[in-house]
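Every read-out reported here was derived from the displayed coordinates using simple, explicitly stated rules and does not represent laboratory data. Fair warning: this is a prediction, and the values are worked out from it, not measured in the lab. Backbone-built Cβ (ideal geometry, glycine too); neighbour counts: all protein chains shown.
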Amino acid sequence: VESIIAGGAYQPRSLYSWSAYPHGADEMIQAFLEDDPKAVLRAQTIDKQVARDASAISSNYAGVVQLSIRQAFGAMELTISQNSLQ
């Protein structure tokens, strides 16, 4: 992945997750599997909070907000400079 930075220069980028799991995909997958129960709980907690807060305005608004948040998270790709991995 390359990003354009200040001055129009290109900067090689890597997925942010590689900074947390430098030993490769196997390490990343293992951590994901071990964290699954906690991740589900975190997801349910934020879903309930969003539903409660948005429902205070209207039930239709709550549905739109919930879908919008999922779209925003799905579209994100967190990256860091490849230089920061060294």
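The label-point distance for residue 57 and residue 44, in a model that sets each label 7 Å from Cα toward Cβ, rounds to 2.7 nm. Measuring nothing but how far apart in sequence close Cα pairs (under 8 Å, 6+ apart) lie, relative to its length, the chain scores a relative contact order of 37 percent. Summing charges over neighbours of residue 12, with a neighbour being any other residue whose Cβ is under 15 Å away from its Cβ, gives -1 when K and R count +1 and D and E count -1. Ellipticity at 222 nm from helices only: DSSP H runs of n ≥ 4 in the chain, each -39500 (n - 2.57), divided by the residue count, give -20500 deg cm²/dmol.
Here's how it looks for residue 79: its modeled amide H is under 5 Å from those of 16, which are all 5 or more places away or on a different chain.
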